[in-house]
Amino acid sequence: MTKEQTHHIRRVMRMQQGDVIRVADNSGRVLLAEVEYHQEEAAARVVREVRDRSRTSVELILAQGMIKGEKWDYLLQKSAELGVAEIIPFVSSRCVVKIKDEKSEKKIVRWNKILCEACEQCKRSTLVRLQPPCTFSQLSQIDADLRLIAYEDADCKSERLCEVLRAHPSPKRVLMVVGSEGGFSADEVEALTASGFHRVSLGGRILRAETAAISLLNSIEFYYDMAGEKDEDDI
Ligand code: SAH
């Protein structure tokens, strides 16, 4: 275990030799292990592998227009809890946040820490991949089986999310693009739809960016994972 983990187990959790912990090594495996102390160091002796139920069946990729301060931190935490695999921050014409500030090493380290803590707290077996911030025009090059843009001016009757999902019964990777506080310009939306993105509405109310991301992640997970057929060995 790292120094930090040792401190957490020994001093914060006050664990004894032989206590059982869950260990995930970011490969998707979840192991039960017993704590062992060797002088100042702690180790985990693997007892057995357990079934990982933390992963979504569809790989969820969120490209999110940068938003300010605490709301961004909140968005990272909630997205991790809701099973996002990858987050791609971007800057668009109506973003107040500037890409230069956001590229700073310190910020990325802090964001990864927020994500890692959220993953531990909700017992995920894999970490969220956080990409460096990109520009809006780079979004069209991101590959996925289904690419969505949540657009505040999409029609809540004719551009319904569930219709788009119904037309794509088993995608492997779903990319969702959500705007910042300022939303998207018509040109930006046009550029993405021209390269194959589907415009979707999240209903007849304008949501804040972080609410929109949470709602979209949960709706997609609900559609493909929770409302679908049961796995055979789950019956
Ligand atoms: N300032 C804009 C709103 C931006 S909301 C305005 O007043 O019109 C921030 C982002 O959340 C949007 O760019 C969009 O991606 C998403 N969003 C919010 N409400 C939505 C809705 N009803 N349908 C689809 N996307 C929505």
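Bear in mind these aren't lab numbers, they're just calculated from the coordinates by the rules spelled out. This structure is a prediction, so every number in the text was calculated from the model and none was measured. Here Cβ is always computed from backbone atoms with ideal geometry, including for glycine, and neighbour counts include all displayed protein chains.
R0 = 30 Å: FRET efficiency of Ser27 with Arg173, Cβ-based, nearest 0.05?
After rounding, the FRET efficiency stands at 0.95.
What is the chain by shape, rounded, prolate or oblate, if you read a ≥ b ≥ c off the alpha carbon gyration tensor as root eigenvalues and call it rounded for a/c under 1.5, prolate for a/b larger than b/c, and oblate otherwise?
In terms of gyration-tensor shape, oblate.
Cβ under 9 Å from Ser93's Cβ, Ser93 left aside: what net charge do those residues give with Lys, Arg +1 and Asp, Glu -1?
Value of the local net charge: -1.
Rank-order 107-120, 207-220 by packing density, defined as the average count of other C-beta atoms within 10 Å over each peptide's residues, highest first.
In decreasing order of mean packing, 107-120, 207-220 become 207-220, 107-120.
Which GluC sites (Glu not before Pro) in region 47-94 sit in a loop by DSSP (not H, G, I, E or B) and have at most 15 other Cβ atoms within 10 Å of their own Cβ?
none
Less than 11 Å Cβ to Cβ from Thr211, Lys/Arg counted +1 and Asp/Glu -1: what total charge do the surrounding residues give?
+3
Between region 79-101 and region 136-160, what is the C-alpha centre distance in whole Å?
15
Specify whether the C-alpha gyration tensor of region 127-185 places it in the rounded, prolate or oblate class, a ≥ b ≥ c being the square roots of the eigenvalues: rounded for a/c under 1.5, otherwise prolate if a/b is larger than b/c and oblate if not.
The shape class here is oblate.
Compute the helix-to-body angle for 209-221: its Cα long axis versus the longest principal axis of the chain, expressed 0 to 90° and rounded to tens.
70
Within region 1-16, which residues have the backbone N less than 13 Å from the label spot 7 Å out from Glu34 along Cα→beta-carbon, could you tell me?
From region 1-16, the list is 16.
Rounded to the nearest 500, what is the chain's calculated 222 nm mean residue ellipticity when only DSSP H runs of at least 4 contribute -39500 (n - 2.57) each, over all residues?
-8000 deg cm²/dmol
How large is Rg/Rh for region 1-63, to two decimals, with Cα atoms and a Kirkwood Rh?
Rg divided by Rh gives 1.09.
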